[in-house]
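First the structure, in the form of structure tokens, and then the observations on it.
The values are calculated or read from the model by the stated rules, or taken from the named source; none is laboratory data. Everything quoted here is computed from the prediction, not taken from an experiment. Backbone-built Cβ (ideal geometry, glycine too); neighbour counts: all protein chains shown. Remember, those area values only see protein heavy atoms, side chains included, never the ligands or the DNA or RNA. Shrake-Rupley method; radii C 1.70, N 1.55, O 1.52, S 1.80 Å.
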Amino acid sequence: ADAGPFAWLPAGVAFLRRRLLLIAGCGAIALAIGLVYLASTTRQYTAVATLTIDTRRAHPVGGQQASGDWQSESAYVESQVELIRSPATLRGVVERLQLDHHPAFTPTPPGPIRAMATTARRWLTGDYAVIDPTLRGQANAGIALARMLEVWRVGTTSVVEIRVRTADRELSAQVANAVTAAYMAQQLVAISDTTRRAGGWLETRIVE
């Protein structure tokens with residue numbers, strides 16, 4: 001209790017001197033492991049695409065924003081984020097770029113142990129259905145794409161950021177643009193369907 005504020009400093013310096021070789025050796029080993037990892041790992045490239053969500057569609061009647069209605073707009077933007085991540089959007093990207101034929105989106109062939117386990121599971125469950133290889137390839141490509149895709153809302157704005165990370169910079173950019181195009185195509189189809197249904201309803205009302 002009566003010791004000075006830096007009474008521990010000489011003992012600490014002496015400890016570091018006694019363990020200097022051990023500390024330096026551990027640091028050198030960690031540095032060597034880090035250099036080996038950087039030299040052997042595959043470079044990853046991230047492409048970023050930015051979308052602005054039209055929040056006026058959250059108010060289909062009149063298109064006017066009510067006071068304190070920011071919660072509905074926030075929910076609308078979040079729902080669009082989930083729509084971009086949806087299997088329907090990923091399926092459109094896979095079909096547009098034919099990712100089911102790309103090596104980066106094709107799973108490695110199963111080994112003998114995995115093949116035996118799959119056969120045993122089918123035998124035990126009685127599931128002998130044969131899946132179309134094309135559909136299986138598209139599903140596997142969609143699963144791989146979902147792992148490489150990141151979509152989130154930027155803060156509390158109506159801006160959505162799409163990130164795609166692959167080992168090929170051109171492929172990352174193509175996939176990010178394809179995700180954006182697939183989402184916008186879905187929106188155009190939805191607008192067209194809504195307009196057609198509204199027109200049909202209006203014609204029915206006019207006849208009545």
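Here is how the numbers come out for the structure above:
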quantity: Set of the range 160-186 residues, backbone N closer than 11 Å to the point 7 Å along the Cα-Cβ line of Arg153; calculated: 160
quantity: Met148 - accessible surface, heavy atoms, 1.4 Å probe, Å² rounded to 10; calculated: 40 Å²
quantity: Relative contact order for the chain, counting Cα pairs under 8 Å that sit 6 or more residues apart, in percent; calculated: 32 percent
quantity: Cβ-defined net charge surrounding Ala178, 11 Å radius [Lys, Arg +1; Asp, Glu -1]; calculated: 0
quantity: Test item: Cα-centred dipole of the range 139-185, Lys/Arg +1 and Asp/Glu -1 on Cβ, debye; calculated: 100 debye
quantity: The chain: DSSP helices with Cα axial extent of at least 27 Å and average Kyte-Doolittle hydropathy no lower than 1.6; calculated: 20-40
quantity: Å² per residue, accessible surface of the chain at 1.4 Å; calculated: 73 Å²
quantity: Longest site-free stretch - the chain; sites: chymotrypsin sites (Phe, Trp or Tyr not before Pro), DSSP loop, at most 12 other Cβ within 10 Å; calculated: 9-127
quantity: The chain - percent of accessible surface contributed by carbon and sulfur, probe 1.4 Å; calculated: 62 percent
